[in-house]
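*Asks:* Shown below is the structure under consideration.
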Amino acid sequence: DKRHGRNNYLAFSFMDEPPDDRTLVLFRRQIVKLGWWSPCMKRSETPSIPKLLEVCYAIHAYLQLDPSNVAMVYCSNGKTRTAIAMACYLKFAGLVQHCYEGFLHFLSKRGVPNPEATWKQLPPSLRL
């Protein structure tokens, strides 16, 4: 709160279920539920290109509103969905050259001991 201001945080959720009461209180109800599945592909862990663009545009628009804004992203395990979304956003924003680099960067910052191993465990449809 001291660094960015109390009102400069917005959480983006990639979870399938709505946030519980604890999460709502923790994030002061400032949550955008983006979901993960596309309407035509229920039950697929592979997001569509339009879904990924929706995620990138939503996060980018919020961050552009104020240089103090902070986007928080989360999913059920904090690795796969969030890492893929952040890898795509980092590429979208021009911060990395390839989504793969963004994926490894995110996981290393997340504290995953061997991001490369996590990458190799992904199904081919999720490798960016």
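*Asks:* Computed FRET efficiency, Cβ-Cβ of Tyr100 and Met72, R0 25 Å: what is it to the nearest 0.05?
*Replies:* Values: r = 23 Å, r/R0 = 0.93.
That gives a FRET efficiency of 0.60.
*Asks:* If amide H atoms are built 1.01 Å from N in the plane of the peptide, which residues on other chains or at least 5 residues away come under 5 Å of the amide H of Val70?
*Replies:* Amide H neighbours of Val70, under 5 Å, 5+ apart: Tyr9, Leu10.
*Asks:* With θ taken as phi - 60° and the coefficients 6.51, -1.76 and 1.60, list the Karplus ³J(HN,Hα) couplings across the range 10-25 in order, rounded to whole Hz; mark glycine and proline as x.
*Replies:* The phi angles translate into 9, 9, 10, 9, 10, 7, 7, 9, x, x, 7, 4, 4, 5, 4, 5 Hz.
*Asks:* Name the long-range amide H neighbours of Val32: under 5 Å, sequence gap of 5 or more, or other chain; modelled H, no Pro or chain starts.
*Replies:* HN-HN under 5 Å from Val32: Ala11, Phe12, Ser13.
*Asks:* Under 20 Å between C-alpha atoms is the cut-off here; go through the chain and count lysine pairs that meet it, provided they're at least eight residues apart or on different chains.
*Replies:* The result is 12.
*Asks:* Any idea how far apart Asp21 and Thr46 come out in nm if each label point goes 7 Å out from Cα toward Cβ?
*Replies:* Result: 4.1 nm between the two label points.
*Asks:* Output the DSSP H helices from the chain with an along-axis C-alpha extent of no less than 20 Å and a mean Kyte-Doolittle hydropathy no less than -0.5.
*Replies:* Working: long enough: 49-65 (24 Å, 0.95).
Helix filter hits for the chain: 49-65.
*Asks:* How would you classify the range 8-102 from its alpha-carbon gyration tensor, with a ≥ b ≥ c the square roots of the eigenvalues: rounded for a/c under 1.5, else prolate if a/b is greater than b/c, otherwise oblate?
*Replies:* Numbers: a/c = 1.78, a/b = 1.07, b/c = 1.66.
Verdict is oblate for the range 8-102.
*Asks:* Report the one residue of Leu52, Pro67, Ala85 whose Cα lies farthest in the direction of the positive end of the charge dipole of the chain (charges on C-beta: Lys and Arg +1, Asp and Glu -1; origin at the Cα centre).
*Replies:* Farthest along the dipole direction, towards plus: Pro67.
*Asks:* Can you tell me how much longer the chain between Ser108 and Arg28 gets when fully stretched, taken as 0.36 nm per residue apart minus their C-alpha distance, in nm with one decimal? Could the numbers behind the result be given before it?
*Replies:* Numbers: separation 80, 0.36 × 80 = 28.80 nm, distance 2.80 nm.
Result: 26.0 nm gained on full extension.
*Asks:* Using +1 on the beta carbon of Lys and Arg, -1 on that of Asp and Glu, and nothing else charged, what's the dipole of the chain about the Cα centre, debye to 20? Can you show the working numbers first?
*Replies:* Working: 17 positive and 10 negative charges, 26 e Å.
Computed about the Cα centre, the dipole is about 120 debye.
Read-outs throughout are calculated quantities, based only on the coordinates presented, and are distinct from any laboratory measurement. Quantities reported herein were computed from a predicted structural model and do not represent experimental measurements. Counting neighbours? That spans all protein chains shown, and the Cβs are built from the backbone with ideal geometry, glycine included.
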